[in-house]
Amino acid sequence: MQPSNEPYRFLAAALAIVLMAAALLAANAARAGDEGLYGPAAPPGSAFVRVFNGTPQSIIDARIGPEDLNEIPPFDASEFTFLPPGGYDLVAGPVKQKITLQADRFYTAAIMNGKVQLLDNERYGNRMKALVVLYNLAGDAALSLKTADGRTAVVEDVKPNASGQREVNAVRTQLALYKGAQRVAQVRPVTLERGRAFSLFVAGTPAQPVPVWVVN
């Protein structure tokens, strides 16, 4: 009589189950590690929003719906947070306003003069170019971002309380703000990198604009 192979089949099956369980545990651990390092991934159809503090004082208490934001220094912006599309209460210090967010959009809620200006931008995904966005929050007329000599426009004729953007090559460049042909402010030099968005917020007043870079 030939010995039965059943015990060996049972051991092989048990070993396969153990190996599969170990692989699943390793995958879950790696995923948890990634979320700890990079943060959780946004579900498809999320809306993205950040807050720009266009005032000379820090915003200590800021939140959008259920999301609490860290302290936002003067003339700086929070990181983007993602939320399901819908309506939310935005609270930033004494300022409170309802905002509506749509899917797959990137929003900047600018806090200036006790009010919220909600600006809407499309998703950016070109890894071969840098994105430059100009936010004209303190102008009484259209502003343009040009090379320092005024010869080449990077982002042109952005109206007050609006934004404009352009994809550009990755370079280090000296830029300036212009109102028509008049240069109104020098801009801190920045190295434009591929696959990143460079937001230039113009806060302050028309007489004394404050240009600030925020890089994402």
Review point. What trypsin sites (Lys or Arg not before Pro) does the stretch 103-167 have in DSSP loop regions with at most 13 other beta carbons within 10 Å?
Key: ARG123, ARG127, ARG151
Study note, to complete from the structure: Kirkwood Rh for the stretch 126-216 from C-alpha pairs, in Å, is 12.8 Å
Exercise for review: Provide, for q = 0.16, 0.21 Å⁻¹, the log10 of I(q)/I(0) from a solvent-free Debye sum over equal Cα point scatterers in the stretch 42-123.
Suggested key: -0.52, -0.89
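Only the coordinates and a few stated rules stand behind these numbers; no lab work does. For clarity, every value in this text was computed on a predicted model and none was experimentally measured. Cβ sites come from the backbone with ideal geometry, for glycine too, and all protein chains shown count toward neighbours.
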